[in-house]
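The values are calculated or read from the model by the stated rules, or taken from the named source; none is laboratory data. None of the values given here were measured: they were computed from a predicted structure. Cβ sites come from the backbone with ideal geometry, for glycine too, and all protein chains shown count toward neighbours. Side chains included, ligands, DNA and RNA excluded: accessible areas come from the protein's heavy atoms. Shrake-Rupley method; radii C 1.70, N 1.55, O 1.52, S 1.80 Å.
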Amino acid sequence: QKTEENIKLVTEDGINLKGIFYPKDSDTAIILVHMLNSDKESYNGFASLLNKDYAVLSFDSRGHGESDLDWNDFSEKDFNKMILDVKSAKDFLSEKGYNDIYLIGASIGANTVLNYASSDSQIKKIVLLSPGLNYREISTEESAKNYKEDVLIVVSEEDEYAFSSSEKLFS
């Protein structure tokens, strides 16, 4: 089994993203979506653990890490376009032959994951790490109502906003 490889993704709207792909002879692949002002490297340890059983793809969302743009210049619309980043990662894995694709996102990445999953019926499992009802105008309540598949929400009581948001999203 070869180790991870650096990849380039191009979104529907022409944004170049850099990613790390951890291949695995498996039907299942997991996409990792980082939090604001972070990057794909933040998941290196977690990705290696997951890669024992699954293929894994972590990438720099638009405006982060080695990807195009700068999130500091983003409008509400730009933040909401991060959903296209997840789609390009999912398309990459589908082309590689992975049938079961799960999503894990942290903070604003969790919001993006939930919104993407609610629009793609092929996504059967998601994990939301400290999601919010609204991060940078990426709102989640509508998507939480629409997404009918398996969801695991992980949050700390100390993270008051994410905790109260998670309770509302859960209900």
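What to note about this one:
- Candidate cross-link partners of K168 among the aspartates and glutamates, defined by an alpha-carbon separation under 20 Å and a same-chain spacing of 8 or more, comprise E137, E141, E142, E149, D150, E157, E158, D159, E160.
- Over the residues of the chain, the helix contribution to mean residue ellipticity at 222 nm works out to -8500 deg cm²/dmol, using -39500 (n - 2.57) for each DSSP H run of at least 4.
- Label-point separation in nm, E76 to S164, each point 7 Å along Cα→Cβ: 2.0
- Carbon + sulfur, % of accessible area of the stretch 53-105 - ligands and nucleic acids excluded, 1.4 Å: 39
- Mean separation of Cα contacts under 8 Å (6+ apart) over length of the chain, as relative contact order %: 19
- FRET E, pair V10, E149, Förster distance 22 Å, beta-carbon r, rounded to 0.05: 0.20
- With both residues required to sit in the chain, DSSP beta bridges show an antiparallel share near 40%.
- Radius of gyration and Dmax over the Cα atoms of the stretch 83-171, both given in Å: 12.7, 40
- With only Cα atoms counted, the chain has Rg and Dmax values of 14.9, 42 Å.
- Accessible area, probe 1.4 Å, largest first, for residues K148, K52: K148, K52
- Here the ratio of the Cα radius of gyration of the stretch 108-153 to 2.2 N^0.38 Å is 0.99.
- In plain terms, the chain from S171 to K125 could stretch by 14.8 nm, reckoned as 0.36 nm per residue minus the Cα-Cα distance.
- Amide H to amide H distances under 5 Å link K125 with L103, where only residues 5 or more positions off or on other chains count and H is placed in the peptide plane.
- Residue-normalised accessible area of the chain, expressed per residue, 1.4 Å probe, Å²: 50
- Cross-link pairs beyond the 20 Å C-alpha cut-off, checked among K40/K81; K77/K148; K8/K124; K24/K90: K77/K148; K8/K124
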